[in-house]
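Down below is the structure, laid out as C-alpha cells.
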Amino acid sequence: MTLELFKFESCPFCQRVLQYIRQTGRKDIILRDIHENKEYERRLLMEGGKRQVPCLFIDGKPLYESLEILKWLKDHPEQ
Ligand SMILES: N[C@@H](CCC(=O)N[C@@H](CS)C(=O)NCC(=O)O)C(=O)O
C-alpha cells in the first residue's frame, strides 16, 4: 500500500497529523510538501480535487480532513 501525505509546515491541521506520525514512529508515509514542490501541489489539485491540506493519498485515493486521516491511520497501523 502506498501512503502519501500532502501537507505544508505552517498548517496546524497538518501538524496534528505529523505529530501523530512522529509519536507512533510510522515510517510508511511519504511526505509531499506542496509549498516545496509545485508538482505535488498540482497533483493534489488534479487528483485530489482541491488544494486543501492535509490530504492522505491511499494508493492514489485522496482522504481529506485531519480527523478522518488520524482515524484511518489508527485503524490501519503500519504492518
Ligand atoms: N477541517 C480541515 C481543515 C484543513 C485546512 O483548513 N487546511 C488549510 C491549511 S491550514 C487549507 O488547506 N486551506 C486551503 C483550502 O482549504 O483550500 C482539516 O481538519 O483537515
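Every number here is computed from the coordinates shown, using simple stated rules; none is lab data. Computed from a predicted structure; not experimentally measured. With ideal geometry, Cβ positions are generated from the backbone for all residues, glycine too; neighbour counts draw on all protein chains shown.
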Next on the checklist: Scan region 7-23 and tell me whether some residue there is in a loop (DSSP other than H, G, I, E, B), within 11 Å of the ligand (Cβ to nearest atom), touching a residue at least 12 places away in the same chain (Cβ under 8 Å) and in contact with a strand residue (DSSP E or B) (Cβ under 6 Å, 6 or more places away or on another chain).
Outcome noted: yes
Next on the checklist: Criterion first (of a type outside the set (D, E) and surrounded by fewer than 12 Cβ atoms within 10 Å (Cβ to Cβ)) does I30 satisfy it?
Outcome noted: yes
Item to check | Residue, nearest to the chain's Cα centre (by Cα), within region 1-17, restricted to residues that are of a type in the set (S, T, N, Q) and more than 15 Å from L67 (Cα to Cα) | outcome: T2
Item to check | Hits in region 45-67 (condition: of a type in the set (D, E, K, R) and either under 9 Å from the mean Cα position of the chain (by Cα) or in a loop (DSSP other than H, G, I, E, B) (or both)) | outcome: K50, R51, D59, E65
Checklist entry - How many residues does region 43-79 contain that are charged (D, E, K, R), more than 11 Å from the ligand (Cβ to nearest atom) and more than 11 Å from F6 (Cα to Cα)? => result 7
